[in-house]
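First up is the structure itself, then whatever we jot down about it.
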Amino acid sequence: MFTDMPEAALRTFRSAVVAPADFDEFWSETIAASRQAAQPAVFTALATPLSSVDVHDVQFSGFGGEPVRGWLIVPVGADPAHPMPAVVEYLGYGGGRGNPIAHLAYASAGFAHLVMDSRGQGSGRLQAAGATADPHGSPPAFPGVMTKGIGHRDSYYFRRLITDAVLAVDAVAQLPFVDATRIGVVGGSQGGALSLAVAGLRDDIAAAVAFVPFLSDIVRATTITNENPYAEIANYLATQRDQVDAVTQTLPYFDGVNFARRASAPAWYSVALMDAICPPSTVFASYNDYAGPKHIQVWPYNGHEGGAIEDRAQALEIFAEVLRG
């Protein structure tokens, strides 16, 4: 069943999310401090039975200079004399980088492909194990990462994860065989939220693709769905009743609506009208306020899987058109 407004109402919906007065300062200071603490990225070639791509184990500096893992998968014969476009991919909630053989499509299409591991995740999905720690404790939190450090913008988990996502682009842009002017970002759900955040925090992204993106109109989302991950926040506040004001002050710093209003790169969204995990109005909240060129694919009879393989096929077509020039 449809989980939200009719499509016509979704297309005119406007979010009530307001950016904190120091939103831009907060993010510029956070990213600058992490860049200052960064060490050079390390790319370690792996021996695999794959014959058309090369695989590297990646470690780069994310938030606070802390190590973040990933995979770099590139077509065999990458040549600095002929720099190639690149795609940075962010993962859905609970997933980790898993096995590199699960990530072959973009390199097979001729792109350098960096898959960023999500700190402190990667134990929630079969065959998607994570390899990056989140070395930050927090006060009492509901299971999952949605409420980890949620009492203040400085301690909130997504401050660290979004910073990691921004600096993942730095890591791939330094590669001698990558054309830093032709880097796209992509992800679904949480990964889509990270793609939009990166598009809002950088002005050098060539394209952003976000499938059924998470983390937009967050406070409202906690009141219109009982599904996790948003329900983690509602369940936390059901017991931590004195934290409602603190949480509602924290979340706008991480809301996709505020990133969308600052973005300039061309963006492609998808949304599913039967999605109870990321209700369609939360996706349209971001899309309708997106400041750059934009397109949205509506899947009327799908849930949080969105277009599934069709979304990914469309991403390949988008990157082929935009990044190859």
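Some points to look at:
- What you get for the stretch 127-266, charging only the Cβ of Lys and Arg (+1) and of Asp and Glu (-1), is a dipole of about 100 debye around the Cα centre.
- Dipole magnitude (debye, nearest 20) for the chain, charges at Cβ of Lys, Arg, Asp, Glu: 100 debye
- Report note on the peptides 301-307, 189-195: ranked by the mean count of other C-beta atoms within 10 Å, highest first, their order is 189-195, 301-307.
- Protein heavy-atom accessible surface, 1.4 Å probe, per residue over the chain: 40 Å².
- Which of Ala173, Gly151, His82, positive extreme of dipole for the chain (C-beta unit charges): Gly151
- Distance cut-off 22 Å, percentage of C-alpha pairs in the stretch 164-247 lying past it: 42 percent
- In angstrom, the C-alpha Rg and Dmax of the stretch 125-272 are 16.0, 52.
- Stretching Ile309 away from Gln297 to a fully extended chain increases their span by 3.0 nm, per 0.36 nm per residue minus the current alpha-carbon distance.
- Here is the tail figure for the stretch 1-72: Cα pairs spaced more than 14 Å apart come to 75 percent of all pairs.
- Spatially, the stretch 174-216 and the stretch 250-275 are offset by 11 Å when compared through their Cα centroids.
- Gain on full stretching of the segment that runs from His152 to Val18 - 0.36 nm per residue minus C-alpha separation: 46.5 nm
- Convex hull volume per residue, computed on the Cα atoms of the stretch 186-302, equals 81 Å³.
- Working from label points 7 Å from Cα in the Cα-to-Cβ sense, the Asp203 to Thr48 distance is 3.6 nm.
- Within the stretch 129-203, the proportion of Cα pairs with more than 22 Å between them is 33 percent.
- Percent RCO, i.e. relative contact order, over the stretch 1-139, from Cα pairs under 8 Å lying at least 6 residues apart: 18 percent
- In a simple Cβ point-charge model (Lys, Arg +1; Asp, Glu -1; nothing else charged), the stretch 18-78 has a dipole of about 300 debye relative to its Cα centre.
- Radius, Kirkwood style, for the chain when every pair of distinct Cα atoms is counted (Å): 19.6 Å
- Calculated FRET efficiency for the pair Asp245/Ile101, C-beta based, R₀ 56 Å, to 0.05: 0.75
- The share of accessible area on the stretch 135-228 that comes from carbon and sulfur is 52 percent, using a 1.4 angstrom probe.
The values are calculated or read from the model by the stated rules, or taken from the named source; none is laboratory data. None of the values given here were measured: they were computed from a predicted structure. Every residue, glycine as well, gets a Cβ built from its backbone with ideal geometry; the counts of neighbours run over all protein chains shown. Side chains included, ligands, DNA and RNA excluded: accessible areas come from the protein's heavy atoms. Shrake-Rupley method; radii C 1.70, N 1.55, O 1.52, S 1.80 Å.
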